1. Within the stretch 10-19, which residues are assigned to a loop (DSSP other than H, G, I, E, B) and exposed (fewer than 14 other Cβ atoms within 10 Å of the Cβ)?
2. Please work out if Glu7 is within 15 Å of the ligand (Cβ to nearest atom), modelled with pLDDT of 95 or more and surrounded by 13 or more Cβ atoms within 10 Å (Cβ to Cβ).
3. Of all residues in the stretch 28-37 being among the aliphatic types (A, V, I, L, M) and part of a strand (DSSP E or B), which is nearest to the ligand (Cβ to nearest atom)?
Amino acid sequence: MKSNCPECKNDIDLSRYQSIKEGMVIECDHCGMTLLVKSINEGIVTTEIIDEGK
Ligand SMILES: [Zn+2]
């Protein structure tokens, strides 16, 4: 599975997660941004930045 950070545009290392599911919260290992998994499609994980200011 692959995911691209919407913040820093780097590939996120997903190998440290045992499984990725929709609604799960992951962290970008490059910029430390907290991301919510929105959808998983053919191995591509789409994430959304969680705005911690709210
Ligand atoms: Zn990032």
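The values are calculated or read from the model by the stated rules, or taken from the named source; none is laboratory data. Just so it is clear, the structure is predicted and the values come from calculations on it, not from any experiment. FYI the Cβ positions are ideal-geometry reconstructions off the backbone, even for glycines, and counts take in every protein chain you see.
1. Keep residues of the stretch 10-19 that are assigned to a loop (DSSP other than H, G, I, E, B), which gives 10, 12-19.
Correct list: Asn10, Asp13, Ser15, Arg16, Gln18, Ser19.
2. Details: within 15 Å of the ligand (Cβ to nearest atom): yes; modelled with pLDDT of 95 or more: yes; surrounded by 13 or more Cβ atoms within 10 Å (Cβ to Cβ): yes.
Against the criterion (within 15 Å of the ligand (Cβ to nearest atom), modelled with pLDDT of 95 or more and surrounded by 13 or more Cβ atoms within 10 Å (Cβ to Cβ)), Glu7 qualifies.
3. First, pick out the residues of the stretch 28-37 that are among the aliphatic types (A, V, I, L, M): 33, 35-37.
Checking the rest, the ones that are also part of a strand (DSSP E or B) come to 35-37.
Values: Leu35: 8, Leu36: 14, Val37: 14 Å.
Ranking the candidates gives Leu35 first.
The rows are residues; the columns are (1) more than 10 Å from the ligand (Cβ to nearest atom); (2) loosely packed, with under 14 Cβ neighbours inside 10 Å; (3) hydrophobic (A, V, I, L, M, F, W, C); (4) part of a loop (DSSP other than H, G, I, E, B).
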| residue | (1), (2), (3), (4) |
| --- | --- |
| Lys21 | yes, yes, no, yes |
| Ile26 | yes, no, yes, no |
| Ser39 | yes, yes, no, no |
| Val45 | yes, no, yes, no |
| Asp51 | yes, yes, no, yes |
